[in-house]
Amino acid sequence: MKIVICGSGKVGTKIAEALSGQNNEVVVIDRDADAFRQIETTLTDAQFITGDITDQDVLVKAGIEGADVFLALTNDDNANIFSSQIAKELFKIKKVIACVKDPVRAKAFTDELGLVTVCGTDLIADQIKKKMGVK
Amino acid sequence: MFVIITGAGRVGYNLAKGLIAEGHEVALVEKDKSRYQILADEFGESVIYGDASDAFTLKQAGANRCELLVSTAGNDEDNLVICQMAKIIYMVPKTIARVNDPKNEVLFTKLGIDQTVNTTNMISALIGHKVGTGFLAELLSFQNAEIVQIEVPEGSDVIGKPIKDLILPKDTLLIASIHNEQVQVLKGDSIILANDSLIALTNKAGEEALRKLI
């Protein structure tokens, strides 16, 4: 599979490490070239692109055309939602997932516009409640 | 009319001032605290501090009763998401977004933003006009239609011809010409002059054909 990952923070790096190899072609985009310094040493078969994930030219350079999976995992909710909609609506990528920290925004875009979102805030809150033994 | 303006940079600030002067009710939303504090002296309670892509901030600004929301931020991801949130959560009847990167205009229109204002193209057009190059710029777009401005360069084939003799692209109408700052509404027998600035109603397909014709 060809997988485009936006953001090489903790989540992006972990996913890239899990997916690279295994016949997957992984491209990681980050606006900060320094962010690659660490993962470049461990992820030898991934490709790294420096640029803004909301810029369509950068996404094209990263090979969004013909990608199977698009993951928007930066720290910026709006940038993630925006680039996911570019991937879904303009490039017709079948599997698009966006990380959205704000639960209200995550729910709105999931329920009304069919975007697949993962809300870290909800997940963490659920985990904490679970560990506390409350519902 | 009650209008929410998000982003109080130069565009948002001047728009808010203009609308207030015309008697409209305005809520101006700014997410930068120091900028907000400066504006609060001038606009009082009409300026709201917060991130407008946050539903709570939109509610504070009065999104549940506003008739129009205009998002004027300098980055397109904020403008798109703010307009979408306003529509999804507060059913704001009309949204207008500033588009900074011309490549994003198609996306905005496709995702249901009612109108876009492409500031980059407008500025390019104005500068193109000043340096006198043949230039087509989109001034306004809505659904599939757009209003464009096109300069007639020296030596163009259409110079000296009446409008009715031109073979215009499908669904394209020449509305007005601006010559030496005089605006003239175009009729069938109006003659096109060199350095005219023509205002036309067209669509994406017509735009390219129009550029070739002029």
All positions within the stretch A:1-47 that are in a loop (DSSP other than H, G, I, E, B), out of contact with any Ser or Thr (no Cβ under 7 Å at 6 or more places or on another chain) and closer than 15 Å to A:Val69 by Cβ:
A:Met1, A:Ser20, A:Gln22, A:Asn23
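Quick grid of which residues meet (1) more than 14 Å from chain B (Cβ to nearest Cβ); (2) under 15 Å from the mean Cα position of the chain (by Cα):
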{"residue": "A:Ile39", "(1), (2)": "yes, no"}
{"residue": "A:Asp52", "(1), (2)": "no, yes"}
{"residue": "A:Asp57", "(1), (2)": "no, no"}
{"residue": "A:Gly66", "(1), (2)": "yes, no"}
{"residue": "A:Ser83", "(1), (2)": "no, yes"}
{"residue": "A:Ile97", "(1), (2)": "yes, yes"}
{"residue": "A:Gly114", "(1), (2)": "no, no"}
Those residues that are hydrophobic (A, V, I, L, M, F, W, C) and either in contact (Cβ under 8 Å) with a residue 60 or more places away in the chain or buried (at least 22 other Cβ atoms within 10 Å of the Cβ) (or both), I need them from the stretch B:79-91; list them, please.
B:Leu80, B:Val81, B:Ile82, B:Cys83, B:Met85, B:Ala86
In the stretch B:51-78, the residues that are surrounded by fewer than 18 Cβ atoms within 10 Å (Cβ to Cβ) and of a type in the set (Gly, Ala, Ser):
B:Gly62, B:Gly74
Return the residues of the stretch A:68-79 that are assigned to a loop (DSSP other than H, G, I, E, B) and either more than 11 Å from every other protein chain (Cβ to nearest Cβ) or over 13 Å from the mean Cα position of the chain (by Cα) (or both); say none if nothing qualifies.
A:Asp68, A:Leu73, A:Asn75
Considering only helices (runs of 4 or more DSSP H) fully contained in the stretch B:100-214, which possess at least 2 residues that are surrounded by 13 or more Cβ atoms within 10 Å (Cβ to Cβ) and in contact (Cβ under 8 Å) with a residue 60 or more places away in the chain?
B:119-131, B:204-213
Of all residues being under 24 Å from A:Asp52 (Cβ atoms) and either without any contact (Cβ under 8 Å) to a residue 24 or more places away in the chain or over 18 Å from the mean Cα position of the chain (by Cα) (or both) in the stretch B:41-78, which is nearest to the other protein chains (Cβ to nearest Cβ)? Just the residue, please.
B:Glu77
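All of the numbers you see were taken from the coordinates with simple rules; none came from a lab. These figures come from a predicted structure and were not determined experimentally. A quick note on method: Cβ atoms are made from the backbone with ideal geometry, for glycine too, and the neighbour counts reach across all protein chains shown.
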